[in-house]
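Data block below; observations after.
The values are calculated or read from the model by the stated rules, or taken from the named source; none is laboratory data. Model, not experiment: these values are computed from the prediction. Ideal geometry is used to build each Cβ from the backbone, glycine not excepted, and the neighbour counts take in all protein chains shown. Accessible surface areas use protein heavy atoms only, side chains included; no ligands, DNA or RNA. Shrake-Rupley method; radii C 1.70, N 1.55, O 1.52, S 1.80 Å.
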Amino acid sequence: MLRLRAATRLPQLRASDVLAGRFDARKLRGKTVLVGTASDDIGDQFQIPGRGRKGGVYIQALAAETLKRGRPVSLGWLPALLLAL
């Protein structure tokens, strides 16, 4: 059985704060950092089932977490077929 855990909010930093050094670098030490946008103006927004509208970097974070766990799950073609009906 596939168990999905509730998504936690991903920490975000503004690029301007990072460039100006206005952030606590200790919070990033030892972490995986993804760089992306969260702006509607860029057009990099997607609907994610159960999560709502999120930036493309959020999808990359989900993919990275899946790969880090080493357990990608293939559900095959059946769910897509059922969704299409």
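Numerical summary
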read-out: In the range 41-85, the residues that are open to solvent by 100 Å² or more (accessible area, probe 1.4 Å) and over 22 Å from K31 (Cβ atoms); value: D41, I42, Q47, P49, R53, S74, L75, W77, L82, L83, L85
read-out: Selection status of Q60, at pLDDT 85 or above, of a type in the set (S, T, N, Q) and part of a helix (DSSP H, G or I); value: yes
read-out: All positions within the range 16-53 that are of a type in the set (K, R) and at pLDDT below 85; value: R51
